[in-house]
Amino acid sequence: DDLAQLSGTDGYAVRTQDHDIYLYGPKSKSALNAVYAFVEANTDLIWPRPKQQFEAIYTVQPDLDAVWGDALSRPLSRLRGWGTNYGRNPADELWMARNRCNYPLGGGGFDPSWTAPRKEMGGYSEYGGGHNLFQYVGESYFATHPEYFALLNGARQPPKAMENQLCFTNPEMTQEFIRNVLKVLAAAPRDIDCLNIKIEDNWGLCGCPACVKPIELPDGRVPRQADLVLAG
């Protein structure tokens, strides 16, 4: 019954039968989460920081009294975590695993070795870096297809990671983007959980007529800017 309720998650169960305590779940990450929860619930140990001098705080005890051993925990969210620059800070990855996170965000790239710390602890593994649109439609396209790139100040701009975006309404650019994404995905390691597609880190949005055309809702209304801001 526990496994059925936890199916598809990294949730865990802790159950006591006679003199045995069982920690389990549908995934290896579930068992790890159960161990960390069991330690926290039966001691005063916490893992407050990834830094070694604050890695764990606890009272030394000669024995472990198991006062908690009956629970089922199904996480409300599928992915949980904070930014760690993806695999480059193993201490951060470990700290998050101990706090039952499974998706440390940030950074990344195409180096499979960066997935190792996270996969080892049952985490969600992404591939393809952070702000990376130009990895799929890059500078080599600008000479022959400047219309793929943002129109700013009256001219199409060559791709610059911290300055502009692509022309998102150009259908030919979209098709080329898709083709290149599929090529990268085909060459990616088989054990990844997702391929990243993330906008560049800037506000340089295209100002061509198609990109700035008002958005018409199904009922014919055109939302005002204030409506969009309030809607988040």
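The values are calculated or read from the model by the stated rules, or taken from the named source; none is laboratory data. Just so it is clear, the model here is predicted, and its values are computed rather than measured. Cβ sites come from the backbone with ideal geometry, for glycine too, and all protein chains shown count toward neighbours. Areas reflect the complete protein model, heavy atoms only, side chains present, ligands, DNA and RNA absent. Shrake-Rupley method; radii C 1.70, N 1.55, O 1.52, S 1.80 Å.
Some observations on this one:
- Qualifying residue in region 154-171 (condition: among the charged types (D, E, K, R) and in a helix (DSSP H, G or I)): no
- Boolean, LEU64 is open to solvent by 30 Å² or more (accessible area, probe 1.4 Å) and more than 26 Å from the chain's Cα centre (by Cα): yes
- Considering only residues in region 23-60 that are modelled with pLDDT under 90 and farther than 26 Å from SER125 by Cα, the one that is surrounded by the fewest Cβ atoms within 10 Å (Cβ to Cβ) turns out to be GLN53.
- Conditions (1) part of a helix (DSSP H, G or I); (2) more than 28 Å from CYS194 (Cβ to Cβ); (3) open to solvent by less than 40 Å² (accessible area, probe 1.4 Å); (4) not acidic (Asp, Glu): number failed by ALA97: (2)
- Some residue of region 12-20 being in a loop (DSSP other than H, G, I, E, B), without any contact (Cβ under 8 Å) to a residue 40 or more places away in the chain and either at negative phi or open to solvent by less than 60 Å² (accessible area, probe 1.4 Å) (or both): yes
- Long-range neighbours under 8 Å by Cβ, at least six apart or interchain, first residue closer than 11 Å to GLN165 by Cβ within region 201-224, second charged (D, E, K, R) and at pLDDT 90 or above: none
- The residues of region 113-128 that are under 18 Å from ALA31 (Cα atoms) and assigned to a loop (DSSP other than H, G, I, E, B), listed by number, are MET121, GLY122, GLY123, TYR124.
- Check on ARG80, at pLDDT 90 or above, under 19 Å from GLY11 (Cα atoms) and in contact with a helix residue (DSSP H, G or I) (Cβ under 8 Å, 6 or more places away or on another chain): no
- Residue list for region 27-69, restricted to those being hydroxyl-bearing (Ser, Thr, Tyr) and within 16 Å of LEU94 (Cβ to Cβ): SER28, TYR36
Conditions (1) open to solvent by less than 70 Å² (accessible area, probe 1.4 Å); (2) in contact with a Phe, Trp or Tyr (Cβ under 6 Å, 6 or more places away or on another chain); (3) among the aliphatic types (A, V, I, L, M); (4) assigned to a helix (DSSP H, G or I), marked per residue:
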site: PRO189; (1), (2), (3), (4): yes, no, no, no
site: TRP203; (1), (2), (3), (4): no, no, no, no
site: CYS211; (1), (2), (3), (4): yes, no, no, yes
site: ARG221; (1), (2), (3), (4): no, no, no, no
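- Lone unmet requirement of (1) small (Gly, Ala, Ser); (2) out of contact with any helix residue (DSSP H, G or I) (no Cβ under 6 Å at 6 or more places or on another chain); (3) part of a loop (DSSP other than H, G, I, E, B) for SER30: (3)
- Residue match in region 163-176 (condition: at pLDDT below 90, surrounded by 17 or more Cβ atoms within 10 Å (Cβ to Cβ) and either closer than 27 Å to ASN33 by Cα or of a type in the set (A, V, I, L, M, F, W, C) (or both)): no
- Number of the exception - LYS198 against (1) open to solvent by 50 Å² or more (accessible area, probe 1.4 Å); (2) assigned to a loop (DSSP other than H, G, I, E, B); (3) over 30 Å from MET121 (Cβ atoms); (4) not β-branched (Val, Ile, Thr): (3)
- Taking every residue in region 34-57 that is closer than 18 Å to SER73 by Cβ and pairing it with any residue that is in a loop (DSSP other than H, G, I, E, B) and of a type in the set (S, T, N, Q), at least 6 positions away or on another chain, yields no pair with a Cβ-Cβ distance below 6 Å.
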